[in-house]
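Asks: Following this message is one structure expressed as structure tokens.
What follows is calculated from the coordinates using simple rules that are stated; it is not laboratory data. Note that the structure is predicted; figures quoted are calculated from it, not measured. Heads up, the Cβs are rebuilt from the backbone with ideal geometry, glycines too, and the neighbour counts pull from every protein chain shown.
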Amino acid sequence: MKKQILVAAMVSCTLTGNAQLMLKPNNIDAIVKAMTLEEKATLVVGTSRQGSTGGNQTGNGMIGAHADAVPGAAGTTQPIERLGIPASILTDGPAGVRINPTRDNDKNTYYCTGFPVGTALACTWNQELIEEVGKAIGNEVLEYGCDVILAPGLNIHRSLLCGRNFEYYSEDPFLTGKVAAAYVRGVQSQGVGTSIKHFAVNSQETARTEVDEIVSQRALREIYLKGFEIAVREAKPWTIMSSYNRVNGPFTQENRELLTTILRDEWGFDGIVMTDWTGQRNTVAQIHAGNDLMEPGQPVQSQDVVEGVKSGKLKMADLDICVKRILQYLVKTPRYRQYKYTNKPDLKAHAQVTRQSATEGMVLLKNTNATLPLSVQQKVSVFGITSYDFIAGGTGSGDVNKAYTIDLMTGLNNAGVKVDETLSQVYLNYKNFQLSLQAAAPRRGWFWGKEAMPELALKRNVIENQADRSDVAIITLGRQAGEGSDRQVENDFNLSDVEQQLIANVCEAFHAKQKKVVVIMNMGGAIETASWKEKPDAILLAWQPGQEGGNSVADVLVGKANPSGKLSQTWPISIMDAPSSKDFPNLRQPKTVNGKKEFTDFTNHTEGIYVGYRYFNTQGKAVSYPFGYGLSYTTFEYSKPVVKSSGKGFTASVTVTNTGKVAGKEAVELYVAAPQGGMDKPKKELRSFAKTRELQPGESQVLTMTVSAYDLASYNENTQSWETAAGTYNVEFGASVEDIRCTASYKQSKKAVVKCHDVMKPSIKL
Ligand code: BGC
């Protein structure tokens, strides 16, 4: 409706003689010149929060009138009809498009596909596959009339307790950057944009809108910015979202050193930066910093811009740069092209994309005596309430309004597995009871989405009965998390007593009858495993695998798909083993302010670059499962490691052979141990990776990886430069960070240096 009005307005402008002033890709400077100050101030601020339904907070009117073209989209940019400048529509992200599934007075539905969460995608280590997922998501962005998806999320898994880790990829910045670049390429191949977020150092949800993340310049460059740098350089995202938090003092959206010096001058970013959904801050500082667009936008921010220019606090030149960049973005959008979207993407085809991609991100953590795959002849007792109330994705803006979620029970039935119905009925009754409790007293609103149900405490004799009646037990453990808060240690990272008891009792009862137990983990983040992992025979980490979740898990359980996922983060023995824990909100000692305990003021990154395996592997500290770990139903042999200098770095190749009995894929991780070069360095760092195609038993493939000298560099704060030390580099081909299968070496003859700006200094020495 609104779209029609806008198009009509544009046509009438053309007819009334303003044609020369209609926005075109080649007249952007002239348009900037023709714009009034008020028009410029309108363009840099999203459509007001007032007067609309849908968006970030359904019913609260986070977005304005023009967003009604796509109800439920998160935000818009404002149109200026006299100059043919269209509105554009921004939608969440990242696990699929997030819009309202139904509309007033409209019988059609607008469901979107719920794809596997970000962490699950990263665990595929398969850039081509992620690009395919990106294409399917991009197609839904396009066909539902949106211009940009507010994704991917690429903050670092600094702590396993961050509530939004499921949206993010890894503790490792290289893997993060490559996965993000693949997602961006896929989405943008459809002629729509991405917004890589949250820039930067938004690795906690507690106090996210005020916390000051205090981090060394080296850790900033090597760990927290690196993924963004890779994604920007390799995939050219149309937009970037600055984060809610501060870094070393200023808010990121007001930080010119971050948004201009580093992002544009050093990395060459030429798209637009938009704020996270912040509300009013220092508008003038934001424009000056190079934060082009304020979302979701409030009229007062436009007034700030006008007053800023009039009072001389804001230079027109600074404003013009932002305006120009927004226009350059707009001419790329489907809305500018007046693309005739169908509202009918091929949801059936996309369901297949999510079903298959999810299996590749699943990580087989344990499989004693080939417990998996199951034979469909085996009768299965399915334990754990999450088996019946499967979790497709996380909560908050990262949730997707999908048409359905396949639960594990249904998936097993679809795969022809015989499920014991007596036990299932017990759980289904309990689920209905829980649903009635939730309906009577909803504990969480829209923002939190669907919560995980508390586990059912089963009596021992019920479990023993099941061990008599069936051949194998499956237990699903579930976790839910999302935007706005971090995870807890007790009854979340650590298992609850009921869960511990369930695993112990089921294992005891089934093992007493020589029957096996499989644990499925349906969650977006890591949990404690060391205390119970010896008990079951097999453990499959299914993550939150999207709307086809139950089918995807069943495909793996019966061997229709062979899991080839590997962990994108270290799973420690105890949460306190991670060096970030002592500085993480709720774990560190709070500061007492006016008699109140507060965590909100700052987070010191005292561990510096030693995040994840960079810490555990360097220190030789035992973990429950190392970074990069994951089993398969087959086995692989690595041979013939070769490293050849290319003059600008090296190419490394290795032959991978499937030495087992079934077809499968293998991800090879390339770690490099660098000479110290006068700096303290991790024992080794991931510098490349590659994955085989599906190899039949006996089949081999040579994988080749390229590493540049710049990829090998460390950031030296004393010289403010990336330095690749001269000397011998040990190149390790690993099945995980702890499982190095073969090695070679590379000689860097001369030290290589890339000079950077001395910016974003913390005020304290960490
Ligand atoms: C989230 C963003 C999201 C935006 C719009 C914010 O609260 O942090 O990730 O894109 O809302 O919904």
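Asks: Hey, got the dipole for segment 633-755? About the Cα centre, +1 on K and R Cβ, -1 on D and E Cβ, debye to the nearest 20?
Replies: It works out to roughly 420 debye.
Asks: Got a sec? How would Glu234, Glu483 order by Cβ neighbour count within 10 Å, fewest to most?
Replies: Glu234, Glu483
Asks: Let me ask something else. Report relative contact order for segment 362-561 in percent, whole number only (criteria: Cα-Cα under 8 Å, sequence separation at least 6).
Replies: This gives 38 percent for segment 362-561.
Asks: Using the Cα atoms of segment 667-766, I'd like the radius of gyration and the largest Cα-Cα distance, Dmax, both in angstrom.
Replies: My reading of the Cα-based Rg and Dmax gives 16.7, 58 Å.
Asks: Label 7 Å along Cα→Cβ of Ser574; segment 477-494 residues with amide nitrogen under 16 Å?
Replies: 489-491, 493-494
Asks: Can you pull the Kirkwood radius for segment 362-561, inverse mean 1/r over Cα pairs, to one decimal in Å?
Replies: 17.0 Å
Asks: While we're here: Please compute the contact order of segment 633-755 in relative form: average sequence separation of alpha-carbon pairs under 8 Å and at least six residues apart, divided by the residue count, as a percent.
Replies: That works out to 28 percent.
Asks: Listed highest first by mean packing, meaning other Cβ atoms within 10 Å per residue, what order do 298-304, 221-227 come in?
Replies: 221-227, 298-304
Asks: Among the trypsin sites (Lys or Arg not before Pro) in segment 315-365, which ones are in a DSSP loop with at most 16 other Cβ atoms within 10 Å of the Cβ? Mind listing them?
Replies: Loop-located and lightly packed - Lys315, Lys340.
Asks: Of all DSSP beta bridges located in the chain, what percent are antiparallel, nearest 5?
Replies: 65 percent
Asks: Based on the mean of other beta carbon atoms within 10 Å per residue, what is the order of 621-630, 696-705, 410-419, 283-292, most packed first?
Replies: 283-292, 621-630, 410-419, 696-705
Asks: Give the percent of DSSP beta bridges with both residues in segment 90-248 that are antiparallel, rounded to the nearest 5.
Replies: Counting only bridges with both partners in segment 90-248, antiparallel ones make up about 25 percent.
Asks: Another question, if that's okay. For segment 362-561, what proportion of DSSP beta bridges, expressed in % and rounded to the nearest 5, is antiparallel?
Replies: Antiparallel bridges: around 20 percent, rounded to the nearest 5.
Asks: Based on other C-beta atoms within 10 Å, arrange Ser424, Ser375, Ser387, Ser721 from fewest to most.
Replies: Lowest to highest Cβ neighbour count: Ser375, Ser721, Ser424, Ser387.
Asks: Could you work out Rg/(2.2 N^0.38 Å) for the chain, with Rg from alpha carbons only?
Replies: Relative to the rule-of-thumb radius for its length, the chain sits at 0.96.
Asks: Any chance you could run the full-extension gain for Gln425 through Asp497? It's 0.36 nm times the residue separation minus the Cα-Cα distance, nm to one decimal.
Replies: 23.6 nm
Asks: Right, here's the next one. Which order do peptides 490-496, 504-510 fall in by mean Cβ count within 10 Å, highest first?
Replies: Going by the mean number of other Cβ atoms within 10 Å, highest first, we get 504-510, 490-496.
Asks: Residue separation times 0.36 nm, minus the C-alpha to C-alpha distance between Thr592 and Ala370: what's the value?
Replies: Taking 0.36 nm per residue and subtracting the Cα distance, the gain is 74.5 nm.
Asks: Could you give the size of the charge dipole of the chain about its Cα centre, using +1 on the Cβ of each K and R and -1 on the Cβ of each D and E, expressed in debye and rounded to the nearest 20?
Replies: My answer is approximately 960 debye.
Asks: Same structure again: Please arrange Lys681, Lys648 by how many other C-beta atoms lie within 10 Å of their C-beta, fewest to most.
Replies: Taking fewest neighbouring Cβ atoms as first place, the list is Lys648, Lys681.
Asks: Next up: Structure shown: which of Lys348/Lys535; Lys515/Lys691; Lys348/Lys566; Lys459/Lys533 lie over 32 Å apart, alpha-carbon to alpha-carbon?
Replies: Lys348/Lys535; Lys515/Lys691
Asks: While we're looking at this one, here's another question. Take the Cβ-Cβ distance between Val662 and Ala403 as r, set R0 to 45 Å, and report the resulting FRET efficiency rounded to the nearest 0.05.
Replies: Rounded to the nearest 0.05, the efficiency is 0.85.
Asks: Using DSSP to call loops (not H, G, I, E or B), can you name the chymotrypsin sites (Phe, Trp or Tyr not before Pro) in segment 349-427 whose Cβ has at most 13 other Cβ atoms within 10 angstrom?
Replies: Passing both the DSSP loop test and the Cβ count: Tyr404.
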